[in-house]
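Let me begin by presenting the structure, written as structure tokens, before commenting on it.
The values are calculated or read from the model by the stated rules, or taken from the named source; none is laboratory data. No experiment lies behind these values; they were computed from the predicted model shown. Heads up, the Cβs are rebuilt from the backbone with ideal geometry, glycines too, and the neighbour counts pull from every protein chain shown. Quick note on the areas: whole protein, heavy atoms, side chains included, nothing else; ligands and nucleic acids left out. Shrake-Rupley method; radii C 1.70, N 1.55, O 1.52, S 1.80 Å.
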Amino acid sequence: MRHRLSFWIFFVGMVGGSLGCGPTAPERSGPPNILLVSLDTFRADRVGALGNPNGLTPNLDRFAAEAVTFTNAYSQSIVTGTSHASMFTSRYPTEVEGGARAPSIATSMYTLPEVLGAYGYQTAARVAGGDLNPAVASQRGFDTYESSVDFGSLWHTLPLALDWLDGADPEKPFFLFLHGYDAHPTYLKPTPYGLLFTGHTSLTESQQQTVGATGLVMDGLRHPNFHRLEFLSRSMLRPRTAEGRVALADPVANAARPLEVISQADQELIRDTYDGAVAYADLQFGLLLARLDARGRLDDTVVVVMGDHGEALGEDGLFHRCCALDDAVTHVPLLMRLPRGEGGGKRVDGMVQLIDIMPTLLEVAGATPPLGMAGVSLAPALRGEPFPGRRVAVSQANRMLSARDASGRLTYIGVQAPPNLLADIVAAARLPGPAFVATEGTDSSDQAALRQEMVRWVRTLSNPAVEAEVTATPPALLEKMRAQGYWDAQ
Amino acid sequence: MMGLLWFLACGGPRFTEVAAIAPTLARLDTDKNGTVTEAEYVAVSFKGFSFAAVDTDSSGDLSAAELLTLVDRSNPADLTYPRPAPVVMRGQARQGPQKPHGASPAPRSAPSSGRGVHRSGEARMAALMILESLRAEVLAEVPGHGVPSHEELQAAADSGGINTAESRAVLLKLEAAADAVGADFPASLRAEKLAALPVAESDAPQRAPGAIGEGSGRRDRRADGGPPRSDPGRPDRGRPGTLR
């Protein structure tokens, strides 16, 4: 028996060696390579490995079989630029927010690529413009930072990333950040993904407009002047600028830009095209894995894939992201695969945040974490150790502040940034009704506990963003952002 | 046997491009006979796109390699591949019954006027937003007498727009109050400006219960977090099949 086993070990080794198991990675000792993939606007509930039954993400699901899947990961912002700045510094949005769409990272902070660079990593970012356009996003710590067309796809950025990878020094570890707006409005993607889940073979001009301008839809109506409105609360709107007030107040101009009804069927069409965009993003991710594997780089690389935020698809009458911080827009996929898929196939249900990615990757790389990070390392979960997760996840955006725990969510609306944040929370908590407070799945005792957590959290914040220089967004980029439905782009 | 040996030696199947796109191919194969025919492809492609341009080996079926080529060449920022056809197509799969020639126009407040434009609801919403905004500005200066109440604003908005007699009356009050406290007031809404415009007919009697403007904070919220159900109290804002 012992001889037979030895034979099989020998035989398999010989056959494996002679057949080849695909290209192998260049031999290099030391810290692993790191690939961080950001799938913009990707809802967690669309991922098969997170329970979606519709087969939208076969490649992510295949990846999950070799990765650790965090089933309760939450983004800290619903704004792409802020979410990434927060993730790359392991700080909450309050601490990195500059302008409405241009985050600022203070000189006293360290970024993930900055620290990895100090530990000998080659660092590169290949992003798809928009909020990550180098005109407004921080490139600090990246050796090279290249952007494709604004609001582009992984289809645009993947070749850029592979080109860089092919020219990278094989003797040094790399940190590569790859980003695409594949699931971001507008959702229509090339054949066959554009209409794959819609039941349509063509779209009318009106349907095309509806799918292309979801940021203007609220309560079944498309508001042509949406970007000129300011949300004081969920139920109170007003023109946000003098220009907006004139535009709204002028009966002649207003009549020329009427509200338009978005039928239930068209709202369903929005969801169906979003699913097609998710499937397209999943394919691009699958192609990335295949091309990485073909280069022999998959098995010496830590691969992390995440969504920077979700997307409202009709929840509470809302589409896109503007006026709510619920699970639809903050619950995101987060999966981490260690080299060779070690310890893969596990699910971790403890609550985690995107700001936990930086301390995790620094620990994996053997780097000493800088002071001031708000995230915690998820490395114990990757090693299979018990990992309870955090008690509360916090998200901020558009004058909203939200705390989520296992029982539900408490959101305050209309709050400002520090130093008034604490006072605003207290004030908002005293105001009656849903205009200033939104809850999900909580009773009053849960809400009281969440409020306490929120107050405790506020006291941990610093506000170093005031030290940073705020970047002005170029007018041409602002126009593109508004075209994407970002009503607050200014 | 060789496959098993390879599996044992290499630790299982690798990530490949064909494996990445295989699930899409399987989804396109709606009759599950193992091939994707022209009919199956056309069912999910933008109308007017040629199957022949994709079926490069002219086999009549779409292979994984052909689908990969299609995806690789299709720029998502330009949905016109594989032929320069406009993405926006006239006609609609779920098109509803057409109005016969010579049919009388829809009533003024009907939701189907224009391309699904609910003019009455739009005007109400716009009027309410304008009036509430102006009122808030006046009150921000001084909470004084003469400022119209929310109920007055609501009633004015319910009349069907900012340019009705009811709304003009409220605007006049707001204008006077704004002038009294030195608050900003839009020139386009001042009485002399509005006087140059014809007064719109009030459509208050035609207003359906639950129309836009009635309780702007009202929402159909589902406990399960799903999309809102249709509200029988709301006017029909367009049905599936309505040509828009």
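Each Lys or Arg adds one and each Asp or Glu subtracts one; over the other residues with Cβ under 14 Å from the Cβ of residue A:174, this totals -1. For the peptides B:28-35, A:34-41, the ranking by packing is A:34-41, B:28-35, with the highest mean count of neighbouring Cβ atoms within 10 Å listed first. Distance from the C-alpha centroid of region A:126-173 to that of region A:299-349: 21 Å, rounded to the whole angstrom.
Other protein chain C-beta atoms within 10 Å of residue C-beta, averaged over A:285-296: 4. For residue A:118 and residue A:385, a Förster radius of 35 Å and the Cβ-Cβ distance give a FRET efficiency of 0.80, rounded to the nearest 0.05.
Measuring only protein heavy atoms, the 1.4 Å probe finds residue A:109 accessible over about 0 Å². Net length available on complete extension from residue A:27 to residue A:295 is 95.2 nm, with 0.36 nm assigned per residue and the Cα-Cα distance removed.
Shielding value for A:141-154 is 1, the average number of Cβ atoms from other chains within 10 Å of each residue's Cβ. Mind running the shape call on region A:27-138? Use the C-alpha gyration tensor, a ≥ b ≥ c as the square roots of the eigenvalues: rounded below 1.5 for a/c, prolate if a/b tops b/c, oblate otherwise. Verdict is oblate for region A:27-138.
Leaving ligands and nucleic acids aside, the B/A contact buries around 7200 square angstrom of accessible area in total at a 1.4 Å probe radius. Computed extension gain for residue A:108 through residue A:426, at 0.36 nm per residue and net of the alpha carbon distance, reaches 111.5 nm.
Once R0 is set to 45 Å, what does the formula 1/(1 + (r/R0)^6) return for the Cβ-Cβ distance between residue A:171 and residue B:35, expressed as a FRET efficiency to the nearest 0.05? That gives a FRET efficiency of 0.40. Backbone amide hydrogens, once placed in the peptide plane, bring residue A:147 within less than 5 Å of A:127, excluding anything fewer than 5 places away on its chain. Legend: mean number of C-beta atoms from other chains within 10 angstrom of residue C-beta atoms, peptide B:22-29, equals 5.
In order along region A:74-81, the phi-based Karplus estimate (6.51 cos²θ - 1.76 cosθ + 1.60, θ = phi - 60°) of 3J(HN,Hα) comes to 10, 7, 8, 8, 9, 9, 3, x Hz; Gly and Pro are listed as x.
Close amide H contacts of residue A:302 (hydrogens built in the peptide plane, cut-off under 5 Å, sequence separation of 5 or more or a different chain): A:33, A:34, A:35.
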